[in-house]
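Asks: Please see the structure below; I have some questions.
Where a number appears in this text, it was derived from the coordinates with a stated rule and is not lab data. What you see is a predicted model, and the numbers here were worked out from it, not measured in a lab. In this analysis, Cβ positions are derived from the backbone assuming ideal geometry, glycine residues included, and neighbour counts consider all displayed protein chains.
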Amino acid sequence: MTSFYEDKVILVTGGTGSIGSEIVREVLELNPKSVRVLDNNETGLFELEQELRSDKIRTFMGDIRDKERLLRAFEGVDIIFHAGALKHVPLCEYNPFDAVKTNIIGTQNVLNAALDRNVKKVIVISTDKAVNPINVMGATKLLAERLAISANYYRGNKDTVFSCVRFGNVLDSRGSVVPLFKSQIKKGGPITITSTEMTRFIMGIPQAVHLILKAGEISEGKEIFILKMPSLNIVDLAEVMVEEFAPSYGFKPDDIEIKIIGKRIGEKTYEELMTEEEMAYAIDQGELYIIKSDEVVNNDNIIYNSHSAPKLSKKEIKDILKEFCHK
C-alpha cells in the first residue's frame, strides 16, 4: 500500500479515537505528504501530537457538525477516513438527537464538503450494529452507510468516490468490553455481563485498520467492505480475562465474581455482519467480503451473524488477548 498513499494528503475525522489514531499512525508509515487529524477533543489532539512528533501531522480542532469547518479542513485533501461518530449504544439511546446530529448530519456534512473540495476518496467507518438495527446508534450508522453509498449517485460530474467499511467489536478500543472488564477486575469485581447467551464478532485494532487502509486503496465507489471475523461468547471472554488479569491486580481468579445483570437498553444478544439480502451481493475476497449493490453473485453460504459463526475456544481467546490487549 506504500505506493498508493505515498505523497497524498490524508485526513482522518475522529482522529484521536482508538481507530482514528491508529489510522494516523499506520498512514504515517506509508510516506504521505501530510496527515490531517480532525477532532473536537483538544486534549486528545495534543497528546497524539506529543506521541507522534511528526512534521507531517496537522491537527485540526473542529466538529463534523460544523460544515464550514470541514470545508476549510478538506481543502487539498486526497483521501478522507471518516471515523468521527458517537458509538456507545446506551449513550445514543439516552441522547438520540445528538446521535443524529453527529452520525447522520455530521456524515452528510463530511460527504458534502468532500464533494465541494473535490476529495478523491471518502471511506466511512461503520459497525455491525448498522445491520438490522434495534437501537439508535445502529440506526444512525445504517443511515450514515446509506448516505455514503448513495452519494455516489449524487455527485454529478465530480470524481469523488464513497465507500464504507463495516466491522464488529474492536478489542481494547475505548469504551469496549475489554477495558470495561479490566477496570472491573482491577476493583476486585464483579464483572458484569448482560446475558450468558451473548455473542460478538471481535477483531484487534491493527486488523481493523488494515481493512480500512486496504479499502482506501481498492475502493472504486459504492462498496461496503466487511472483514471476516471470529466470534466469541462474552461469558468465555469474561472467564478468560479473570484468569489472565486478576493476578496482575493482586487478586486470585476465584475472588472475582461474574454477575449477570440483564440486557441494557438497545442491546442485541448477537450481532450480524450483513443482512440476508446483502448476501446476494457479497463477493468473497479472501480476508474480506465486498458488497456492491449492482453486482449480484447469489452467495448463499456466508455465516453472517455471531450466533451461528464458529466460536473461539478459551485458549484462542487467551492468545488474542495476549496479541492485541495490554495488561
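Asks: Normalised by the empirical 2.2 N^0.38 Å for globular proteins, what value does the Cα Rg of the stretch 211-254 take?
Replies: Normalised Rg, Cα atoms only: 2.02.
Asks: For the stretch 220-327, count the residues as N, evaluate 2.2 N^0.38 Å, and divide the Cα radius of gyration by that value, please.
Replies: Dividing the Cα radius of gyration by 2.2 N^0.38 Å gives 1.39.
Asks: Would you look at the GNM of the chain, springs on alpha carbons closer than 10 Å, and say which of T269, T16, T43 moves the most?
Replies: Looking only at T269, T16, T43, the largest GNM fluctuation is found for T43.
Asks: Taking every pair of alpha-carbon atoms in the stretch 16-111, give the share separated by more than 17 Å as a whole percent.
Replies: Values: 2401 of 4560 pairs.
Everything past 17 Å amounts to 53 percent.
Asks: Now for a different question. Specify the inter-centroid distance of the stretch 179-257 and the stretch 34-49, based on alpha-carbon positions, in whole Å.
Replies: Centre-to-centre (Cα) distance: 26 Å.
Asks: To continue, here is another question. Counting Lys and Arg as +1 and Asp and Glu as -1, what is the net charge of the other residues whose Cβ lies under 10 Å from the Cβ of K87?
Replies: Taking every Cβ under 10 Å from that of K87, the sum is +3.
Asks: For the pairs K56/K182; K214/K315; K187/K318; K67/K228; K67/K120; K263/K292, flag any whose C-alpha to C-alpha distance is greater than 26 Å.
Replies: K56/K182; K214/K315; K67/K228; K263/K292
Asks: Same structure again: Quick one: angle between helix 136-154 and the longest Cα principal axis of the chain, in degrees between 0 and 90, rounded to 10, please.
Replies: Computed tilt is about 20 degrees.
Asks: Between beta-carbons, use under 14 Å as the cut-off and find the net charge around K187, counting Lys and Arg +1, Asp and Glu -1.
Replies: +1
Asks: Hey, fewest Cβ within 10 Å first, where do K87, K292, K186 land in order? Working shown, then result.
Replies: Numbers: K87 26, K292 18, K186 14.
Fewest-to-most ranking of K87, K292, K186: K186, K292, K87.
Asks: Something else now. Tell me, T140, T275 in order of fewest to most beta-carbon neighbours within 10 Å?
Replies: T275, T140
Asks: Okay, moving on. From zero outward in steps of 10 Å, how is the percent of C-alpha pairs of the stretch 48-179 spread across the bins?
Replies: 12, 39, 35, 13, 1
Asks: Now for a separate question. Taking the chain as a Gaussian network, Cα atoms linked when under 10 Å apart, which of I261, I224, I105 shows the biggest mean-square fluctuation?
Replies: The residue that fluctuates most here is I261.
Asks: Let me ask you something else. Pick out, from I283, S54, V124, the residue whose Cα sits farthest towards the positive end of the charge dipole of the chain, with +1 on the Cβ of Lys and Arg and -1 on the Cβ of Asp and Glu.
Replies: Checked the options; the winner is S54.
Asks: Relative contact order for the stretch 82-177: what percent, with Cα pairs under 8 Å and sequence separation of 6 or more?
Replies: Taking the mean separation of contacting Cα pairs over the length of the stretch 82-177, I get 32 percent.
Asks: Can you sort H82, H210 from fewest to most other Cβ atoms within 10 Å of each residue's own Cβ?
Replies: H210, H82
Asks: In degrees from 0 to 90, rounded to the nearest 10, what is the angle of the helix 205-218 Cα long axis to the longest principal axis of the chain?
Replies: The two axes meet at around 20 degrees.
Asks: Pick out which of M137, M203, M61 has the largest mean-square fluctuation in a Gaussian network model of the chain, springs linking Cα atoms closer than 10 Å.
Replies: In the Gaussian network model the winner is M61.
Asks: If the only charges are +1 at each Lys and Arg Cβ and -1 at each Asp and Glu Cβ, what is the size of the charge dipole of the chain around the Cα centre, to the nearest 20 debye?
Replies: 620 debye
Asks: Compute for the chain: radius of gyration divided by Kirkwood radius, i.e. Rg/Rh, restricted to C-alpha atoms, rounded to two decimals. All intermediate terms of the calculation are to be shown ahead of the outcome.
Replies: Values: Rg = 19.7 Å, Rh = 20.4 Å.
Answer for the chain: 0.97.
Asks: Give me the net charge for the shell around N169: Cβ to Cβ below 9 angstrom, other residues only, Lys and Arg +1, Asp and Glu -1. Walk me through the intermediate numbers first.
Replies: On the way: positive: R200; negative: D128, E271.
Net of charged neighbours comes to -1.
Asks: Quote the relative contact order of the stretch 52-113 in percent (integer), defining contacts as alpha-carbon pairs under 8 Å separated by 6+ residues. Each step should come with its number before you reach the end.
Replies: On the way: 39 pairs, mean separation 27.8, N = 62.
Relative contact order here is 45 percent.
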